[in-house]
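Student: Take this structure first; my questions come after.
The values are calculated or read from the model by the stated rules, or taken from the named source; none is laboratory data. Please read these numbers as outputs of a predicted model, since none were measured by experiment. Cβ: placed from backbone, ideal geometry, glycine included. Neighbour counts: every protein chain shown. Accessible surface areas use protein heavy atoms only, side chains included; no ligands, DNA or RNA. Shrake-Rupley method; radii C 1.70, N 1.55, O 1.52, S 1.80 Å.
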Amino acid sequence: MLFEDNPPTPLVGIARLAASSDLLEAKRQVEYLELETRRFIGRGSGRMREIWTINPYRGCEYGCKYCYARYAHEFMELRDPQLFERKIYAKQFNAAAFRAELRKLKLGATVWIGTATDPYQPAERRFRVTRQILEVFAGERGFDIGITTKSDFAARDAALMAEIARNNEIRVHLTITTLDEALARLLEPRAPRPALRLAAVRNLTAAGVPVSVLAHPVMPLINDSEESLDRVCAAAARHGATSFSAAPLFLKPCSFQVFIPFLEERFPHLARRYRERYSRSAYLRGHYPETISERVARIRARHGMHNQRAPESLLPRTLLSDQLEIFAPETKRPAPETGGTLQRKVNRV
Ligand code: SF4
């Protein structure tokens, strides 16, 4: 059965809301639903507590084999990890309520869009939730906004992002794990081709929107060679990106369940080693991450790129909780701080 229609235990919170969502549209194997949303803005935890998060959708049709965000569906009692890419929830958007939430944040607050979903996945063409969020930001000032995506469709909003940049900081973090189209198709089956993503880098930067390219995740013996990472970084630089980063794959249980069977089918010679290493811990430790870190630093220096930290490279140790979109306590917007780039932007207007 594709969908879990009869959860065994009473549902509460986000799970109850998800179970009562109205079906909006069904396409191929993908089902779109509307999710009642009381709060749009969530909060990071641990050392990411000062980061605010916005996820316009729940679930992601791109279906990357390594996707760490599948855990987000578990909050809705949807425990089959495949449902994350087949059952997509578009959040009900209310501009006035969202604006009111934003205004409770501290001036200069860092807000990341797309930490547990791709904000420019195919659903965005129809439902435009991300677009509506950015339209609200265009009337605000003093925010530090990051958008993480794997989609060339982000370039649709290049002019709007440039407008936002007049009074805020904004940066797009575009993920390109490899330039090998066949490999990308295997790893990220329904995401736009790397060449299309590079074209989006060009279009965004030409409009004045800063772009970072992430080659995250780095998968041992799959896309981790210096040559492969260098090709991505060189292409990113040629297309106008100013920052490049990459970090090793981590496999939480929700992604382990998908990635290991994928390896067994497509990279059987690697499956046993991955299974052994990631059964011990979701994270690789010691020599390998150090080697990748040095490799990436070398490549970055070779192409004159910066290291702009981005959600996907920070997530490994601190998962962001989507639950907080609903249950986070009220926050106050304190008096403006002085100093810093954002304050200068505010004063300039
Ligand atoms: S684009 Fe991001 S959120 Fe979507 S499936 Fe891939 S890794 Fe997951």
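Student: Based on the alpha carbon coordinates of region 144-265, what radius of gyration and maximum Cα-Cα distance (Dmax) apply, in Å?
Tutor: Cα only, region 144-265: 15.0, 49 Å (Rg, Dmax).
Student: Right, another one. Along Cα→Cβ, 7 Å out, is where each label goes; now give me the distance between the ones at residue 285 and residue 103 in nm to one decimal.
Tutor: The answer from the label model is 4.8 nm.
Student: Could you sort out which of 65/91; 104/150; 65/252 sit more than 20 Å apart by Cα distance in this structure?
Tutor: Numbers: 65/91 24 Å; 104/150 30 Å; 65/252 12 Å.
In this structure, 65/91; 104/150 lie more than 20 Å apart at Cα.
Student: Using a 1.4 angstrom probe on the protein heavy atoms only, could you order 259, 93 from most to least accessible area?
Tutor: 93, 259
Student: Taking N as the number of residues in region 70-116, what is its alpha-carbon radius of gyration divided by 2.2 N^0.38 Å?
Tutor: On the way: Rg = 14.5 Å, N = 47, 2.2 N^0.38 = 9.5 Å.
After normalising by residue count via 2.2 N^0.38 Å, the value is 1.52.
Student: Something else now. For region 174-271, what's the relative contact order in percent, using C-alpha pairs closer than 8 Å and at least 6 residues apart?
Tutor: Details: 117 pairs, mean separation 29.2, N = 98.
Reported as a whole number, the value is 30 percent.
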